[in-house]
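What follows is a set of notes on a single structure, which appears directly below.
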Amino acid sequence: RRSPDGKWDAVARNYNIHLRAVGASAWTPLSTDGNVGNAYDIRSFSWSPDSRKLAAYRVRPGFKREVHYVQSSPEDQIQPKDVSRLYNKPGDVLDVNQPVIFDVATKARTEVSNALFPNAYTMSYLAWRPDSRSLTFEYNQRGHQVFRVIEVDAASGAARAVINEETPANSFFEYSAKLFRHDLNDGAEILWMSERDGWNHVYLYDGRTGQVKNQVTKGPW
């Protein structure tokens, strides 16, 4: 993954992140804590817009369950087909994604506390604010009863929940088809969709305080 300023290349080698100046031949390890059971994922690499920091997930893999189906009437042949896919079932061990931020100049590594995302079903890509002050990701708790938009300070690694969506008991967050978020003014405000009043509507959040400023849409629809 090349940095935005075009000066650095980052790769995943031997479960760790390695860095080199563009045009150079030697690679320098940026991390040393990755291993076969807890490796950095190159697909998660995310450069800060100013190219001074690199964020990535270190992933401890869970159980890869393969589920089989029978496609009774495939379009390309008369006989049925056996179809398989990866599908986690209740109780299966899931991947654990640990966000880590690296300072390119000092090689310092900052591991983000998982206190706000302890039991993830999914975590979204790492997205930087345009001014490089922080990055965000979305956390969907296993069971789909907590959904958070989390912002991490790039300098300290401190995390906070910009949006915290929690459902009542015996219900769950409908994330598959009713998830919408749009950041305004570099995260100063956030448009967020929620069913908290019983209907699916858009709310305007203050991105600095995490408080709802107003409900944008209303009505029994």
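The values are calculated or read from the model by the stated rules, or taken from the named source; none is laboratory data. Everything numeric here is computed off the predicted structure, so don't read it as measured data. Every residue, glycine as well, gets a Cβ built from its backbone with ideal geometry; the counts of neighbours run over all protein chains shown. Calculation scope for accessible area: heavy atoms of the full protein, side chains included, ligands and nucleic acids excluded. Shrake-Rupley method; radii C 1.70, N 1.55, O 1.52, S 1.80 Å.
Here are some notes:
- Those residues of the range 145-168 which are open to solvent by 20 Å² or more (accessible area, probe 1.4 Å) and either under 22 Å from Val212 (Cβ atoms) or part of a strand (DSSP E or B) (or both), in sequence order: Gln145, Arg148, Asp153, Ala159, Arg160, Ala161, Asn164, Glu166, Thr167, Pro168
- Considering the range 196-206, the residues that are modelled with pLDDT under 95 and touching a strand residue (DSSP E or B) at 6+ places or on another chain (Cβ under 8 Å) include one that is least open to solvent (accessible area, probe 1.4 Å), namely Asn200.
- Cβ separations smaller than 6 Å between residues 6+ apart or across chains give the following pairs from the range 1-13 residues that are assigned to a loop (DSSP other than H, G, I, E, B) to residues that are surrounded by 13 or more Cβ atoms within 10 Å (Cβ to Cβ): Arg1/Ala10; Arg1/Phe45; Ser3/Trp47; Ser3/Ser51; Pro4/Trp47; Pro4/Pro49; Pro4/Ser51; Asp5/Ser51.
- Of all residues assigned to the range 76-84, at least one qualifies as being more than 26 Å from Met193 (Cβ to Cβ), out of contact with any helix residue (DSSP H, G or I) (no Cβ under 8 Å at 6 or more places or on another chain) and among the β-branched types (Val, Ile, Thr).
- Cross-chain or 6+ apart pairs with Cβ under 7 Å, the range 156-175 first and free of Cβ contacts under 8 Å to residues at least 24 places away in the same chain, then of a type in the set (A, V, I, L, M, F, W, C) and in a loop (DSSP other than H, G, I, E, B): Thr167/Phe173
- Selection from the range 175-221 of residues that are within 28 Å of Asp131 (Cα to Cα), assigned to a loop (DSSP other than H, G, I, E, B) and acidic (Asp, Glu): Asp186
- Candidate set: the range 79-93, residues that are open to solvent by 100 Å² or more (accessible area, probe 1.4 Å) and assigned to a strand (DSSP E or B); chosen: the one nearest to Lys64 (Cα to Cα): Leu86
- Being over 20 Å from Arg20 (Cα atoms), among the charged types (D, E, K, R) and in a loop (DSSP other than H, G, I, E, B) is a condition met by at least one residue of the range 59-67.
- Scanning the range 4-38 for residues that are over 13 Å from Val100 (Cβ atoms), in contact with a Lys or Arg (Cβ under 6 Å, 6 or more places away or on another chain) and of a type outside the set (A, V, I, L, M, F, W, C) returns a single hit, Asp9.
- Out of Ser132, Ser113, sole residue that is of a type in the set (S, T, N, Q) and open to solvent by less than 40 Å² (accessible area, probe 1.4 Å): Ser132
- For the range 39-78, taking the residues that are free of Cβ contacts under 8 Å to residues at least 24 places away in the same chain and closer than 27 Å to Asn14 by Cα, the one that is most open to solvent (accessible area, probe 1.4 Å) is identified as Arg43.
- Scanning the range 112-144 for residues that are part of a loop (DSSP other than H, G, I, E, B) and among the hydrophobic types (A, V, I, L, M, F, W, C) turns up Val112, Ala115, Leu116, Phe117, Leu126.
- When Ala108 is tested against (1) surrounded by fewer than 15 Cβ atoms within 10 Å (Cβ to Cβ); (2) touching a Phe, Trp or Tyr at 6+ places or on another chain (Cβ under 6 Å); (3) under 20 Å from Ser156 (Cβ atoms); (4) not aromatic (Phe, Trp, Tyr), only condition (2) is not met.
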